[in-house]
């Protein structure tokens, strides 16, 4: 059981990273010199700038929480994971808002860009959690057991 929970959590983290980099590449397509530069240079650089550290913190907290509540139902683990994702996203957005308001000038523009990447992180994390918990690692009913 713990191996299955850990595999599901690591799959969630990898899937979130893939969706995050893919979304950032799509966002960077308009300003990049080429599609390769958008997906391999501009997009990943923006992700690492705006949500790199929060993503790492989220991944560590998600692994710790999932290991601690591994004996709970899938629904409870999914809701806790979604809560962790929303809390990390809110704290990240709060940091960028405080940064933008304290710096003035162009920092408000940076705050708006950061809000887009935080929203992208939030969507990627929630979709990955739902996909991993409800589709990829769901428990299948036992075959051959007749219901009375």
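Results, tabulated for the structure shown:
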quantity	calculated
Difference of contour (0.36 nm per residue) and Cα-Cα distance, residue 7 to residue 108	32.4 nm
Tensor-based shape of the range 2-136 (alpha-carbon gyration tensor, a/c under 1.5 rounded, otherwise prolate or oblate)	oblate
Principal-axis tilt of helix 74-103 within the chain, Cα atoms, nearest 10 degrees	10 degrees
Angle in degrees between helix 107-131 and the longest Cα principal axis of the chain, rounded to the nearest 10	10 degrees
Helix 2-28 vs. the chain, principal-axis angle (Cα, 0 to 90°, nearest 10)	30 degrees
Stretchable slack from residue 71 to residue 33, in nm (0.36 nm times residue separation minus alpha-carbon distance)	8.7 nm
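Values in this text are rule-based calculations from the coordinates and carry no lab data. Keep in mind it's a predicted model, so treat the numbers as computed, not measured.
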